[in-house]
Ligand code: SF4
């Protein structure tokens, strides 16, 4: 993410996967959820499609059988930082590892016509921007075989092929969280007093919730 | 203004609206398991924080645990070192922070969504979260329950709140009486087939109608469990006498608390004139047993239907169908009933409760698992389900038929523990996801009810439920 003057831009290579309903099990298979770390998932992104053999946590890319037909194994898409896909991307399991794998690979933006709700939330906690476009817009980007794109976070537009421009929508606060890398826990703890007041009242009114303490 | 059940739960737990427009909502209960919690605990430690309210949290290991354990099994006996680290890590974190855990040696250990309700930790009207998308299960009790990511697990541990935006309201009304042999699993699969896996995105789905009123808590949990497969992170059913009877049996609330609570729980339903953003009415009386054929839960058909063929223009995305067919090893013109199965899995947080096991056991009593089936396993959802089933002699029925009777855990629902499909093996599974590789690398999953899975074990193929 670069600050160009006052403008925040993401420019880069677009890898496309032409599928609906890519679930988080595809983005990162369960095997890799055994890690207790928050980083180091880049080699396991789209593992079932990226490799021809079965992987294990700790085995790196260089020891694997690469599937040359898969987009992220082809140049220049090994350097992709934007991912284009179809409908309902990130459905299924709540695993935040899916976003960690995208982030660790270098993906900064995912463009789809819709996203799984939990995945969508998880993105903003890890600096990955999910962009929703209409199905028609997605279709035209696929048809135009776009390989490079520039995304302006200020004007909330994506630009490709020099002339085409689409606007997208994203909540201010979520975008801000990505740009500033804010930590939710720190932000919420500013309201500790409000939470305490609420909790004390609840404890009095609904004692059964606290009965097993 | 008339409100929906979801609106009421939302308002009751709403602490404040933030400048960002999001809301801070109070969380009554958090369930923790070994896979999505280590990084959250690490975050807590790094910030030098303690859990906000210890008693809100209940933990158990389920995803990684082997299901052939026997009596003297301890965490040290887990063969897979990497799995072991995660289970040990949960032990360590629970001990360090003082969180109540039903560990691998506990007779109450089990799949987190199975043990929560049966140990009385899930109570109507609560907000419940867990780093697991099937947290929607607890919505069967009229809880605002949803799956969250690991950053949010940390946030709830540290602040007892979640920062969220309100969902839209959707209602699914199930009317009528189902045919013999059609279970709640078939009903929910049918719904997903109709509205698609993105059908409930951005919505909380309330399930209602006389079908729902007449079914057990176990059956209701199966439906709410799969709300997430319809795209809705929240599934809801208003508490009624069935709910309250269940809670009385399973919780240890004092009479005083129970009376107070009941007054409140009775108010937890959508107002008759409440407005839903989306509504769908389904007549369940014509639904046939449902079985998935593809790699998404929406790729589901009547068990005896011909599979969608690529030349028909009913389905919009032919490319997806083609990819799914290739992966599943299905040829043009084939029917589900033509497919030969290798394995049968009865278990998972969708269908591993006592009722599910009873249904399957009745169907197989006195019969034998087909010789063409490599392995058929039954994995009770919890220690409590297992003990109950054994006291009813269900374990004997299964074993006599040639099923393997296991210890509680997620098992073959996901390829994280030793129970996995081998490449290209075809499995009749009572779990909730038929994604590529979900049950093991290149494994082929067909989702169905426990009854249909039991029949498939006996016949080696999908057939009539006779
Ligand atoms: S049984 Fe399956 S779906 Fe349920 S919690 Fe375990 S892995 Fe998740």
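The values are calculated or read from the model by the stated rules, or taken from the named source; none is laboratory data. What you see is a predicted model; the values in this text were computed from it and never measured. Positions of Cβ are backbone-derived with ideal geometry, glycine not excepted, and every protein chain shown enters the neighbour counts.
Tabulated values for the structure
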{"quantity": "Any hit, the range B:382-399, residues being within 20 Å of residue B:83 (Cβ to Cβ), assigned to a loop (DSSP other than H, G, I, E, B) and within 22 Å of the chain's Cα centre (by Cα)", "calculated": "no"}
{"quantity": "The listed residue being within 12 Å of chain A (Cβ to nearest Cβ), in contact (Cβ under 8 Å) with a residue 40 or more places away in the chain and away from the ligand (no atom under 16 Å from the Cβ), out of B:9, B:90, B:18, B:5", "calculated": "B:18"}
{"quantity": "Residue satisfying condition, being within 16 Å of the ligand (Cβ to nearest atom) and in contact (Cβ under 8 Å) with a residue 12 or more places away in the chain, within set A:85, A:24", "calculated": "A:24"}
{"quantity": "Residue satisfying condition, being assigned to a loop (DSSP other than H, G, I, E, B), crowded, with 24+ Cβ neighbours inside 10 Å and modelled with pLDDT of 95 or more, within set B:139, B:125, B:200", "calculated": "B:200"}
{"quantity": "Residues within the range B:148-185 that are at negative phi, more than 14 Å from chain A (Cβ to nearest Cβ) and in contact with a strand residue (DSSP E or B) (Cβ under 8 Å, 6 or more places away or on another chain), tallied", "calculated": "7"}
{"quantity": "Residue B:117 away from chain A (no Cβ under 12 Å), within 16 Å of the ligand (Cβ to nearest atom) and either at pLDDT below 95 or part of a helix (DSSP H, G or I) (or both)", "calculated": "yes"}
{"quantity": "Of all residues making up the range B:444-461, the number that are crowded, with 24+ Cβ neighbours inside 10 Å and assigned to a loop (DSSP other than H, G, I, E, B)", "calculated": "2"}
{"quantity": "Subset of the range B:366-381 (residues that are away from the ligand (no atom under 13 Å from the Cβ) and either in a loop (DSSP other than H, G, I, E, B) or surrounded by 23 or more Cβ atoms within 10 Å (Cβ to Cβ) (or both))", "calculated": "B:366, B:367, B:368, B:369, B:370, B:371, B:372, B:373, B:374, B:376, B:378"}
{"quantity": "Selected residue (only one of B:289, B:297, B:308 is without any contact (Cβ under 8 Å) to a residue 24 or more places away in the chain, touching a strand residue (DSSP E or B) at 6+ places or on another chain (Cβ under 9 Å) and under 30 Å from residue B:322 (Cα atoms))", "calculated": "B:308"}
{"quantity": "Test: residue in the range B:404-418 that is away from the ligand (no atom under 16 Å from the Cβ) and either within 20 Å of residue B:65 (Cβ to Cβ) or not in a helix (DSSP H, G or I) (or both)", "calculated": "yes"}
{"quantity": "Residue A:184 at the interface with another protein chain (Cβ under 8 Å from one of its Cβ atoms), over 30 Å from residue A:130 (Cβ atoms), at pLDDT below 95 and surrounded by 15 or more Cβ atoms within 10 Å (Cβ to Cβ)", "calculated": "no"}
{"quantity": "Within the range B:1-112, strands (runs of 3 or more DSSP E) holding 1 or more residues that are surrounded by fewer than 21 Cβ atoms within 10 Å (Cβ to Cβ)", "calculated": "B:14-17, B:23-26"}
{"quantity": "Residues of the range B:314-342 satisfying the condition of being in contact (Cβ under 8 Å) with a residue 60 or more places away in the chain and in contact with a helix residue (DSSP H, G or I) (Cβ under 8 Å, 6 or more places away or on another chain)", "calculated": "B:341"}
{"quantity": "Hey, residue B:25 in contact with a helix residue (DSSP H, G or I) (Cβ under 9 Å, 6 or more places away or on another chain), more than 16 Å from the ligand (Cβ to nearest atom) and more than 9 Å from every other protein chain (Cβ to nearest Cβ) or not", "calculated": "yes"}
{"quantity": "Candidate set: the range A:168-181, residues that are touching a strand residue (DSSP E or B) at 6+ places or on another chain (Cβ under 8 Å) and either outside any helix (DSSP H, G or I) or at the interface with chain B (Cβ under 10 Å from one of its Cβ atoms) (or both); chosen: the one surrounded by the most Cβ atoms within 10 Å (Cβ to Cβ)", "calculated": "A:168"}
{"quantity": "So residue B:110, is it farther than 25 Å from residue A:120 by Cα and more than 17 Å from the chain's Cα centre (by Cα)", "calculated": "no"}
{"quantity": "The range B:419-460, subset within 14 Å of the ligand (Cβ to nearest atom), within 16 Å of residue B:328 (Cβ to Cβ) and out of contact with any strand residue (DSSP E or B) (no Cβ under 7 Å at 6 or more places or on another chain), residue nearest to the other protein chains (Cβ to nearest Cβ)", "calculated": "B:437"}
{"quantity": "Number of positions in the range B:130-147 that are more than 11 Å from chain A (Cβ to nearest Cβ) and within 16 Å of the ligand (Cβ to nearest atom)", "calculated": "5"}
{"quantity": "Boolean, residue A:99 is within 27 Å of residue B:20 (Cβ to Cβ) and in contact (Cβ under 8 Å) with a residue 24 or more places away in the chain", "calculated": "yes"}
{"quantity": "Output for the range B:206-236, where each listed residue is within 14 Å of chain A (Cβ to nearest Cβ) and surrounded by fewer than 24 Cβ atoms within 10 Å (Cβ to Cβ)", "calculated": "none"}
{"quantity": "Condition met for residue A:158 (more than 20 Å from residue B:22 (Cα to Cα), out of contact with any helix residue (DSSP H, G or I) (no Cβ under 9 Å at 6 or more places or on another chain) and touching a residue at least 40 places away in the same chain (Cβ under 8 Å))", "calculated": "no"}
{"quantity": "Residue B:363 being more than 16 Å from the ligand (Cβ to nearest atom), within 18 Å of residue B:448 (Cβ to Cβ) and either in contact with a helix residue (DSSP H, G or I) (Cβ under 9 Å, 6 or more places away or on another chain) or outside any loop (DSSP other than H, G, I, E, B) (or both)", "calculated": "yes"}
{"quantity": "Yes/no for residue B:67 being within 16 Å of the ligand (Cβ to nearest atom), more than 29 Å from residue B:166 (Cα to Cα), under 24 Å from the mean Cα position of the chain (by Cα) and touching a residue at least 24 places away in the same chain (Cβ under 8 Å)", "calculated": "yes"}
{"quantity": "Selection count, the range A:128-146, where residues are touching a helix residue (DSSP H, G or I) at 6+ places or on another chain (Cβ under 7 Å), part of a loop (DSSP other than H, G, I, E, B) and in contact (Cβ under 8 Å) with a residue 60 or more places away in the chain", "calculated": "0"}
{"quantity": "Every pair of residues 6+ apart whose Cβ atoms lie under 7 Å, when the first sits in the range B:418-438 and is without any contact (Cβ under 8 Å) to a residue 24 or more places away in the chain while the second is away from the ligand (no atom under 16 Å from the Cβ)", "calculated": "B:423/B:441; B:423/B:442; B:437/A:48"}
